[in-house]
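Everything on this sheet refers to the single structure shown next.
The values are calculated or read from the model by the stated rules, or taken from the named source; none is laboratory data. Just so we're clear, the structure is a prediction, and the values are computed from it rather than from any experiment. Because the Cβ atoms are built from the backbone with ideal geometry, glycine has one as well, and the counts that use them run over all protein chains shown.
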Amino acid sequence: MNVQNVYLEAVGVKFEQYPTSGLPEIAFAGKSNVGKSSLLNGLINRKKLARTSGQPGKTQTINFYNVEEKLYLVDLPGYGYARVAKSDRERWAKIIEDYLHQRETLKQVVLLVDGRHEPSNNDQMMMDWIKSFGYDPLVIATKMDKLKRSQHGKAIKTIAKTLNVKSSHILPFSAVTKDGKDQIWEALSQILQ
Ligand SMILES: Nc1nc2c(ncn2[C@@H]2O[C@H](COP(=O)(O)OP(=O)(O)OP(=O)(O)O)[C@@H](O)[C@H]2O)c(=O)[nH]1
Ligand SMILES: [Mg+2]
């Protein structure tokens, strides 16, 4: 999709604050700092509409980006960041959980994992959880520019094995080169059809 019109329509932590238009939604989940907001910017051709940071824990609310009045791409707060207070972590977990459980317009939860590393226990839990809710697994391996081309295949295989999903369900992406963007839009378009 060649996105021209996109804006941040809603920001919130509870249902009253979320959009009510009924447009379909695709949400991006993953640990803090994995590159959720950067992927979103890449998909919508904006450098920094979604705020990013080298410090984990940047996104702390659920952010709904309206794309062409057709769908929302939803930026979620990351999980697994140890250096925030436990009470904050639990609060965020509850916000994300309620959203994922109860949001009827949510068509897909995409899991982002760092292409350089074996997925963590938290990533595995998130994947199991996504599957248990009946979504087809779709994983994006981020920061692929940090790997040599020759390492890409092995990285994808490792992620597939650890998360117990098919390699074909893992799409590589780089927010630096934007490699993978077209394939991701293609997958998202199929989901929305
Ligand atoms: N080299 C490289 N760096 C990336 C890529 N994607 C994200 N980053 C960097 O990783 C850091 C975190 O990116 P964010 O997009 O803010 O990560 P996030 O998942 O939204 O993090 P939280 O909002 O804290 O959950 C930033 O410094 C980004 O510039 C990528 O594909 N390649
Ligand atoms: Mg973010």
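Where residues in the range 55-92 are among the polar types (S, T, N, Q) and away from ligand 2 (no atom under 12 Å from the Cβ), which of them is surrounded by the most Cβ atoms within 10 Å (Cβ to Cβ)? Can you show your working first?
Of the residues in the range 55-92, the ones among the polar types (S, T, N, Q) are 55, 59-61, 63, 66, 87.
Adding the requirement that they be away from ligand 2 (no atom under 12 Å from the Cβ) leaves 66, 87.
On the way: 66: 19, 87: 8.
Filtering first and then ranking leaves 66.
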Subject >> Selection within the range 12-36 - modelled with pLDDT under 95 and hydroxyl-bearing (Ser, Thr, Tyr) >> reply: 32
Original post:
Going by the conditions given, is residue 163 aliphatic (A, V, I, L, M), surrounded by 12 or more Cβ atoms within 10 Å (Cβ to Cβ) and under 20 Å from residue 45 (Cα atoms)?
Top reply: no
**OP:** Check whether at least one residue in the range 127-144 is more than 16 Å from ligand 2 (Cβ to nearest atom), modelled with pLDDT of 95 or more, surrounded by 19 or more Cβ atoms within 10 Å (Cβ to Cβ) and farther than 12 Å from residue 29 by Cβ, and report yes or no.
**Re:** yes
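Take the range 44-54 and flag every residue that is within 11 Å of ligand 2 (Cβ to nearest atom) and of a type in the set (A, V, I, L, M). Walk me through how you get there before you give the answer.
Step one: of the range 44-54, the residues within 11 Å of ligand 2 (Cβ to nearest atom) are 50-53.
The one that is within 11 Å of ligand 2 (Cβ to nearest atom) and of a type in the set (A, V, I, L, M): 50.
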Original post:
Here are 160, 187: which of them is touching a Ser or Thr at 6+ places or on another chain (Cβ under 6 Å) and more than 16 Å from ligand 2 (Cβ to nearest atom)?
Top reply: 160
**OP:** Working carefully through the options 111, 8, 39, find the one that is under 22 Å from residue 174 (Cα atoms), within 15 Å of ligand 2 (Cβ to nearest atom), part of a strand (DSSP E or B) and in contact (Cβ under 8 Å) with a residue 12 or more places away in the chain.
**Re:** 111
Original post:
Which of the residues that make up the range 42-85 are near ligand 1 (Cβ under 10 Å from one of its atoms), outside any loop (DSSP other than H, G, I, E, B) and out of contact with any Asp or Glu (no Cβ under 8 Å at 6 or more places or on another chain)?
Top reply: 42, 75, 79
